[in-house]
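We did not get these values from a lab; they are worked out from the coordinates using the rules stated. Worth saying up front: this structure is predicted, and the values here are computed from it rather than measured. Here the Cβ positions follow ideal geometry from the backbone for every residue, glycine too, while neighbour counts run over all protein chains shown.
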Amino acid sequence: MTQKPEVTAFFDQRTCSVQYVVADPETSICVIIDPVHDFDEKSGRTGTENADRLLQFIADKGYTLSWILDTHPHADHFSAAQYLKGRTGAPTAIGEKVVEVQKLWKDFYNWLEFRTDGSQWDKLFADGEAFKVGSIDARVIFSPGHTLASISYIIGDAAFIHDTMFMPDGGTARADFPGGSATALWTSIQNILALPDATRLFTGHDYQPGGREPRWESTVAEQKAGNIHISTFKSEAEFVAAREARDKTLPMPKLILHALQVNTNGGCLPQPEANGVRYLKIPLDQFPDACWG
Ligand SMILES: N[C@@H](CCC(=O)N[C@@H](CS)C(=O)NCC(=O)O)C(=O)O
Ligand SMILES: [Fe+2]
């Protein structure tokens, strides 16, 4: 019998991100997926409103948190993994290819001392690796393309596919960040669509096409039938050409240079300087072909 976790989504309107608490109803053990650490780039203010909302929900439900999971090093918001680990002691995890992303960004930031061995997380998942959420069987599949370290978490009948496909009317994620690949994204999407038709799919963002209400849950069958990028582009070559053409028109996410220096470091904010203030570092002219935002 397929195991059905209880999935609760928390939408962050500021970044259009979807954060999840996924719980085993039998044992009340849960995991958090893709928590957001709030940040306002205009004032430099950080905050934990989103993360605290997840903790409050977990406390209200009487759940026990077993993992803090990220699907990829996000380019549009800070991960709250470190904050949540500090509050709960729960271990953090991400896909093992994150070390390759760390190497790319170490050069962009000219971080001479930066450790690129993934030791900022408690666990690095391999492709196909199995784990448990309480009594529910869970596993990881690599889903590169949007980033080279992207993974999906399959927990019972639910798959957390983050920035591969969005809702069917939102199409697919961009694949133009350093280490991204439209060809790899196509293959990753085919692997997700090979899951059983009734698999519940939970996306990582919803950009509310046409201004509709935010939505995040679909099924494999719905994506096959109606995803605007999958039903329109019949072959890998067509998809890759269209994806790459669209990506050339997209400005960088407004927080990419802020976010990668936190997220490649396991969600740790920069160490405070002698005056007690933390500073971000913005490399200039490293993306000379980027569209103006
Ligand atoms: N306007 C957003 C764009 C964020 C963005 O690029 N999101 C990625 C996922 S991290 C994406 O795939 N977007 C698809 C698209 O914009 O078509 C921002 O500046 O943060
Ligand atoms: Fe992303």
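Give a quick list of GluC sites (Glu not before Pro) in segment 1-102 that DSSP marks as loop, anything other than H, G, I, E or B, with at most 14 other Cβ atoms within 10 Å.
Counting only loop positions with at most 14 other Cβ atoms within 10 Å, the GluC sites (Glu not before Pro) in segment 1-102 are GLU26, GLU41.
Under the rule of -39500 (n - 2.57) per DSSP H run of 4 or more residues, summed and divided by the residues of the chain, what mean residue ellipticity at 222 nm is obtained, to the nearest 500 deg cm²/dmol?
Value at 222 nm, helices only: -7500 deg cm²/dmol.
Using alpha carbon centroids, what distance separates segment 114-157 and segment 225-243, in Å?
26
With a ≥ b ≥ c taken as the square roots of the eigenvalues of the C-alpha gyration tensor of segment 189-238, please select rounded if a/c is under 1.5 and otherwise prolate if a/b is larger than b/c or oblate if it is not?
Oblate is the answer for segment 189-238, as a/c is 1.5 or above yet b/c matches or exceeds a/b.
Calculate how large, on average over all directions, the projected area of the Cα convex hull of segment 6-263 is; give the answer in nm² to one decimal.
Average of the hull's projected areas for segment 6-263 equals 13.5 nm².
I need SER66, SER43, SER79, SER28 ordered by Cβ neighbour count within 10 Å, fewest first.
SER43, SER28, SER66, SER79
Give the distance, in whole Å, between the Cα centre of segment 256-293 and the Cα centre of segment 1-61.
24
Where nothing but the Cβ of Lys and Arg (+1) and of Asp and Glu (-1) is charged, how large is the charge dipole of segment 149-293 around its Cα centre, in debye to the nearest 20?
180
Mind running the shape call on segment 216-293? Use the C-alpha gyration tensor, a ≥ b ≥ c as the square roots of the eigenvalues: rounded below 1.5 for a/c, prolate if a/b tops b/c, oblate otherwise.
Oblate is the answer for segment 216-293, as a/c is 1.5 or above yet b/c matches or exceeds a/b.
Could you point to the residue in SER135, PRO5, GLN56 farthest towards the positive end of the chain's charge dipole, with +1 and -1 charges on the Cβ of Lys/Arg and Asp/Glu respectively?
The residue sitting farthest along the positive end of the dipole is GLN56.
Using the Cα centre of segment 185-239 as the reference point, and only Cβ charges (+1 on K/R, -1 on D/E), how large is the resulting charge dipole? Debye, rounded to the nearest 20.
The dipole of segment 185-239 has a size of about 40 debye.
Evaluate Rg over Rh across segment 104-148, taking Cα atoms for both radii and Kirkwood's formula for Rh.
1.11
7 Å from Cα along Cα→Cβ at both LYS103 and LYS254: what's the point-to-point distance in nm?
Inter-label distance under the simple model: 3.4 nm.
For the chain, build the charge dipole from Cβ charges (+1 Lys, Arg; -1 Asp, Glu) around the Cα centre, then report which of VAL31, THR219, LEU193 sits farthest towards its positive end.
About the Cα centre, the residue reaching furthest to the positive side is VAL31.
Between rounded, prolate and oblate, where does segment 38-93 land on the alpha carbon gyration tensor, with a ≥ b ≥ c its root eigenvalues, rounded for a/c under 1.5, else prolate if a/b exceeds b/c?
Verdict is oblate for segment 38-93.
Whole-Hz ³J(HN,Hα) for each residue in segment 171-186, computed from phi via Karplus 6.51 cos²θ - 1.76 cosθ + 1.60 with θ = phi - 60°, x for glycine and proline: what do you get?
Coupling constants for segment 171-186: x, 10, 7, 6, 9, 10, 6, x, x, x, 7, 5, 5, 4, 4, 4 Hz.
Going 7 Å from the Cα of ALA130 along its beta-carbon direction, which residues of segment 1-45 have the amide nitrogen within less than 12 Å of the resulting point?
none
Pairs of lysines 8 or more apart, or on different chains, with alpha carbons under 23 Å: count those in the chain, would you?
Value for the chain: 23.
Run the dipole for segment 6-263 about the Cα centre, Lys and Arg Cβ at +1, Asp and Glu Cβ at -1, nothing else charged, and hand back the magnitude in debye, nearest 20.
The calculation lands at about 360 debye.
At a Förster distance of 25 Å, what's the computed FRET efficiency of GLU217 paired with THR27, Cβ-Cβ distance as r, to 0.05?
Taking R0 as 25 Å, the efficiency between GLU217 and THR27 is 0.60.
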